[in-house]
Amino acid sequence: MTSICMYFEVHQPMRLNRFSVFNIGSDADAPNYFNNKLNHEIFEKVAKKCYLPTNNLLLNLINEFDGKFRISFSLTGTFVEYCERFMPSVIDSFKKLFATGAVDMIEETYFHSLSGLYDDLDEFEEQVMMHRQMIKRLFNYDPKIFRNTEAIYDNRIAKKIGEMGYKGIITEGTEKILGWRSPNYLYRPINSDIKVLLRNYSLSDDIGFRFSSRHWPGFPLTADKYAHWMSRCEGDLINLFIDYETFGEHQWTETGIFDFLSHLPNEALKHEQLDFVTVSEAVDRYQPVGEIDVPWAISWADADRDVSTWLGNDMQFACFNELKDIGKKLKKRGDEELLNVWRRLQTSDHLYYVSTKGLEDGNVHAYFSHYDSPYDGFINYMNVLQDLKQKIS
Amino acid sequence: MKVAMIGWEYPPFKAGGLGTHCYGLTRSLADKNVKVDFYMPKTKHSAGNSGKKNLVIKEVGETEIFPYDRPEDKELAGQFFESVYRYNDLVVEKVKGNYDLIHCHDWLTMKAGVALKEKLGIPLVLSVHSTEYDRSGWICPNDWFINIEREGMEKADRIIAVSHFTKGVIVDKYGINPDKISVVHNAVYPIGEGEKQEIVLFLGRLTIQKGAEFFLRAAKKVLEYEPDSRFVVAGTGDMLPRLINQAVDMGISSKVIFTGLLTEEEVRHIYRISNVYVMPSVSEPFGITALEAVSAGTPTIASKTAGFSEAFQNCLRVDFWDTDEMANKIISLLRYDPLHKTLATEGKRELDLFTWDRVAEKTIDVYNRVM
């Protein structure tokens, strides 16, 4: 039996207001860094195109297949805050999905941050605990599986997650750590007793990136073709980890992405050797077949599958270091409101907008950015950080 | 393939991007085995021997005045237009031989191009480096020029525009079929980096089109926050007296240096030592100066509508009238080293795409389409 483990990342960042050097230090205590209007607009747009229709479709599929179709989600803290502020019906639809018993929830840092890369992991741990409390409050559930921001993973993070009591952790099934080995099994970190789920990036990206690409030999991708490909995979598990916004947002309705999704369970279950599991069930059912050793952080982002998406140029390092320095000062000071602002500024997207990576990745970056260029992204973000720094000195 | 190219200026003597373009293009065409006879007005400073077997510079007549724009002085303007006509007539007379096509540049050479196409019965390619709308800064463009330009564009078999922005103007304002227009972005011979100083540079003709007044307004704002910064306005033009007055009125004249006209070597030097280059053009078909600045390791803030901005990724873009944002970006470049460094490094890397070889290749593609 080979189990299909489908998992969706659901995230929206808190985009910044335009903030010029002339705004630095101008506004005494109540900083207004976040562009509520833009954030509201984008959230509503994506909710209507993606979150609500896809949740609805998935709920119907789970009911239709009587729980044989099983999926997992991770919801970031910033995403949930938007739901609660702008459209509580979105959260209600996730609650309905969870109540079917065929849906699992995954842990992560509340702010979808890079705190897992800081010099010590106390801030990371606090943000994971914040997420834990949020999931408990919404779903009365303690997640068993952890996935760090954009699947950023190294030995240190794996060890910490093991110590915090999780059973499993998710990252990218890249050759960098696997060599000749297959991502379709569970592995064990060299320094911890938890299990590692590895994303099958080839099959995942067929849906996430290539689905509507006419230059791709697999085009047009149909559910029966895709199910056939999966039926021929060797291994225990096929981990399909996908941005939730793929459905209706990155891939528009017109591409046929919803038709594909609606036929997928039926087509997959036609093959006797295939079934669906949640991430917790995958970890309960299967055993690791080997160890992975990851001294340098990997992720599922861009073609490089490392952290260069966020820390790839001097501008990104400058912001990252500034952010860390501000945090040290803030924690000594203990100002709850500014601490919260600082945490929202840690959302990895702010650094993602500053990436200058060229060619294909650069185009992907531009698609997701509201800035004219990474340089504008830097100026704005750095100006905000300078303002916050002045407020605490 | 043999081309009769009708130009107006050629280094060492040049007033604008047209001369720079013709220099780079003809030399690379010659290297690619296209035979080019380059016709230009005879000057005191001879362009001389090209040093290339396939490229012959042919100077015709005797023309002394070289304003790229329309001179404001009425008498000078009269002489200027007359000399343009005289040059065009002379070229039509002089161009003889077995050419495969005519290639002319801007309104200054269009009449000759059209006449030669008819006289020799061969195709005409027209490069548009700027239009009357650009040169007037979109304020009262002159029909006299527009009519010459429209006739040239209509008669040309194919048009090369230096940017999509300019292609848009040719389509919208001159009513030309877009399928007839190819866009070929400009290129640069890299200048090389120097020891940087805290200098913010404007370099260009001091005309309405180039927007130096917006540069001064931004300078005023920057100096309120960064009082140690210095500003250089390099170049000359009919706006010079007005700009000097503007600087005095704003109380920043001790921080702004007006250099007047610079030699080629002085231009390279000022690019090398400047920390920031600003190109606030009201209308800019391309803006080769921005590429020159980048090639000297100087990050560039360019007008959003400039052809350069549409073609080049590693730069900062502003609306020319938004002097607050211009100042924001200048200050950011002065304060944040990582921004400066990344723009300089990535900019130089991107320059590899902007070579005259590539311009020549794309131009040959255009030639092949009309032959």
Less than 23 Å apart at the alpha-carbon level, and either on another chain or at least 8 residues along: which lysines does that give for B:LYS210? B:LYS14, B:LYS74, B:LYS167, B:LYS173, B:LYS220, B:LYS221, B:LYS255, B:LYS304, B:LYS329
Quick one: the Cα spread of chain B along its three principal axes, in angstroms, biggest first? 63, 45, 39
How about segment B:116-147: which chymotrypsin sites (Phe, Trp or Tyr not before Pro) there are in a DSSP loop, with at most 15 other Cβ atoms within 10 Å of their Cβ? B:TRP138
Kindly provide log₁₀ I(q)/I(0) values, in the same order as q = 0.17, 0.19 Å⁻¹, from the Debye equation applied to equal alpha-carbon scatterers of segment B:199-353. -0.92, -1.18
The long-range amide H neighbours of A:ASN239, using H built 1.01 Å from N in the peptide plane and a cut-off of under 5 Å, are A:CYS5, A:ASN200
GNM on chain B, Cα springs under 10 Å; top mean-square fluctuation among B:PRO123, B:PRO141, B:PRO299 goes to B:PRO141
Scoring segment A:2-292 by relative contact order with C-alpha pairs under 8 Å, at least six apart, yields a percentage of 27
Output the Kirkwood hydrodynamic radius of segment A:209-270, Cα pairs only, in Å rounded to one decimal. 12.5
Using C-alpha positions alone, give me the convex hull volume of segment B:23-158 per residue in cubic angstrom. 118
Please find, in a Gaussian network model of chain B (springs between Cα atoms separated by less than 10 Å), the residue of B:GLU224, B:GLU193, B:GLU266 whose mean-square fluctuation is greatest. B:GLU224
Among the trypsin sites (Lys or Arg not before Pro) in segment B:175-273, which ones are in a DSSP loop with at most 16 other Cβ atoms within 10 Å of the Cβ? Mind listing them? B:LYS196
Could you give the accessible area per residue of segment B:244-371, probe 1.4 Å, as a whole number in Å²? 37
Enter the mean number of other protein chain beta carbons within 10 Å of the beta carbon of each residue in A:374-387, as an integer. 4
When Cβ neighbours within 10 Å are restricted to other protein chains, what is their mean count per residue of peptide B:316-325? 2
Rounded to whole Å and sorted largest first, what semi-axes of the equivalent ellipsoid does the C-alpha gyration tensor of segment A:1-90 yield via the square root of 5 times each eigenvalue? 38, 14, 10
Give me the percent relative contact order of chain B, please, defined on Cα pairs under 8 angstrom at least 6 residues apart. 16
Partners for A:LYS96 among aspartates and glutamates (Cα-Cα distance below 14 Å; same-chain residues under 8 apart left out): A:ASP104
Under 12 Å from the Cα of B:LYS155 - aspartates and glutamates, other chains or at least 8 residues apart: B:GLU118
For the protein assembly as shown, with all protein chains present and a 1.4 Å probe, just round the carbon and sulfur fraction of the accessible area to a whole percent. 49
Regression test value, accessible area per residue of segment A:314-392, probe 1.4 Å, units Å², expected 40
per DSSP, antiparallel bridges as share of beta bridges in chain A, % nearest 5, sits at 15
Counting only residues 5 or more places away or on other chains, whose amide H sits under 5 Å from the amide H of A:ASN17 once H atoms are built in the peptide plane? A:PHE34, A:ASN35
Within 10 Å of each candidate Cβ there may be at most 16 other Cβ atoms; applying that plus a DSSP loop requirement, which chymotrypsin sites (Phe, Trp or Tyr not before Pro) in segment A:278-362 survive? A:TRP296
Am I reading the B/A interface right? What is its buried accessible area, both sides, 1.4 Å probe, to the nearest 100 Å²? 1700
Among the listed pairs A:LYS45/A:LYS324; A:LYS167/A:LYS329; A:LYS324/A:LYS357, those beyond 26 Å (Cα-Cα): A:LYS45/A:LYS324; A:LYS167/A:LYS329
Where a ≥ b ≥ c are the square roots of the eigenvalues of the C-alpha gyration tensor, would you call segment A:314-392 rounded, which needs a/c under 1.5, or, failing that, prolate if a/b is larger than b/c, or oblate? prolate
Cα-based Rg / Dmax (Å) for the protein assembly as shown: 31.3, 93
Across peptide A:310-317, what mean number of C-beta atoms from other chains lies inside 10 Å of a residue's C-beta? 3
Could you provide, to the nearest whole Å², the per residue accessible area of segment A:223-313 with probe 1.4 Å? 41
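The values are calculated or read from the model by the stated rules, or taken from the named source; none is laboratory data. Not measured: the values here are computed from a predicted model. With ideal geometry, Cβ positions are generated from the backbone for all residues, glycine too; neighbour counts draw on all protein chains shown. Ligands, DNA and RNA are stripped out before the accessible areas are found, and what is left, the full protein with its side chains, is counted by its heavy atoms. Shrake-Rupley method; radii C 1.70, N 1.55, O 1.52, S 1.80 Å.
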